[in-house]
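See below for the structure under consideration.
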Amino acid sequence: MIPVITAFERSPDRGRGLARDMRVRWALEEVGQPYEVRLLSFPEMKQPAHLALHPFGQIPTWEEGDLVLFESGAIVLHVAQHHPGLLPDDPDARARAIMWMFAALGTVEPPIVDLSMTRLFERKEPRYARRVHAVETRTRQRLTELSARLGSAALLDGAFSGGDLLMVTVLLRLEGTGLLEEHPRIDAYVARGRERPAFRRAFDAQHAVFLDSLHAGGPPPAD
Ligand SMILES: N[C@@H](CCC(=O)N[C@@H](CS)C(=O)NCC(=O)O)C(=O)O
């Protein structure tokens, strides 16, 4: 059965691959599984039909027969558990790969999302500069710690895993901020992720949605 995922009809990131359907698309491309995409407008995401799938009215979701999932991390883990390619067979290595998936979403993503939301929505607030500085400091700390752990390794723990996939998608949000460049090892790590053919296929697929949205009625609001 071909799963159906949801994604923005008009992504606010203008096709930069930062919306969370990107990580699900990438996981499916890594394991070679076909999928379909149902595009949603913002109003549609808040309608009862979508809220029945996703209690918070967000994307992505996953529909596969009777199974409905939300939360991109849970969806990527589901893909990884059902298809070879994203989790090692060795039980200890598998547990560590899942640990890195949680670390990406639970420990590294929060300050990064906080930083981009602050820049997006608080620019006119009186304490904007102080707030950005504080969130950048927290982000830098995580990057310093991650870089120390990565060391000279190409990947987080041996072979490419769902942990790397989620970590790279989380770090991608920092492109253009200058923070990645402060950590050449992490910068190179993200570049290695971007160079994977499966990443490129997933990126192109979501970018095509952005290009279609331009043809359909003008660009979405800039982020
Ligand atoms: N923790 C959730 C976050 C989902 C999320 O924030 N999705 C965004 C797009 S990347 C969204 O739907 N935003 C619109 C909204 O919250 O109304 C996940 O990883 O799936």
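Each reported figure results from applying straightforward, stated rules to the coordinates on display, with no laboratory input. Note that the coordinates shown come from a computational prediction; the quantities given were computed from them, not determined experimentally. Don't worry about glycine lacking a Cβ; one is built from the backbone with ideal geometry, like all the others, and counts go over all protein chains shown.
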Q | Met117 versus Glu181: modelled label distance in nm, points set 7 Å from Cα along the beta carbon direction | A | 2.8 nm
Q) In square nanometres, what is one fourth of the surface area of the convex hull spanned by the alpha carbons of region 140-219? A) 6.0 nm²
Q: Return the distance in nm (one decimal) between the two label points of a simple spin-label model at Ala188 and Leu211, each offset 7 Å from Cα along Cα→Cβ.
A: 3.3 nm
Q.
From the helices alone, meaning DSSP H stretches of at least four residues, give me the mean residue ellipticity at 222 nm for the chain, per-run term -39500 (n - 2.57), in deg cm²/dmol to the nearest 500.
A. -17000 deg cm²/dmol
**Q.** Neighbourhood net charge (12 Å Cβ-Cβ; Lys/Arg +1, Asp/Glu -1) for Glu30
**A.** +3
Q) Hey, how many Å between the Cα centroid of region 33-100 and the Cα centroid of region 8-22? A) 16 Å
**Q.** Isotropic mean projected area of the C-alpha convex hull, the chain (nm²)
**A.** 13.0 nm²
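Could you give the Stokes-Einstein D for region 91-196 in µm² per second, using the C-alpha Kirkwood radius, 25 °C, 0.890 mPa s?
Roughly 171 µm²/s, to the nearest whole number.
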Q. Using a Gaussian network model of the chain with C-alpha springs under 10 Å, which one of Val135, Val24, Val170 is most mobile by mean-square fluctuation?
A. Val135
Q: Evaluate the distance, in nm, between pseudo-label points positioned 7 Å from the Cα of Glu195 and of Thr107 along their respective Cα→Cβ axes.
A: 2.7 nm
Q. What is the calculated FRET efficiency for Gln141 to Phe56, with r their C-beta to C-beta distance and R₀ = 41 Å, to the nearest 0.05?
A. 0.90
**Q.** At least 24 Å along the helix axis (C-alpha) and Kyte average at least -0.5, DSSP helices within the chain
**A.** 197-217
Q) Using the C-alpha gyration tensor of region 49-152, what are the square roots of 5 times its eigenvalues, in whole angstrom, with the largest one first? A) 31, 24, 7
Q: Apply the Debye scattering formula to region 1-90, with a single equal point scatterer on each alpha-carbon and no solvent, then give log10 I(q)/I(0) at q = 0.12, 0.17, 0.22 Å⁻¹.
A: -0.35, -0.69, -1.10
Q.
So if each residue of separation counts as 0.36 nm, and I subtract the Cα-Cα distance between Glu36 and His82, what length gain in nm does that give?
A. 14.8 nm
**Q.** Positive minus negative residues near Arg94 (Lys, Arg vs Asp, Glu; Cβ under 15 Å)
**A.** -4
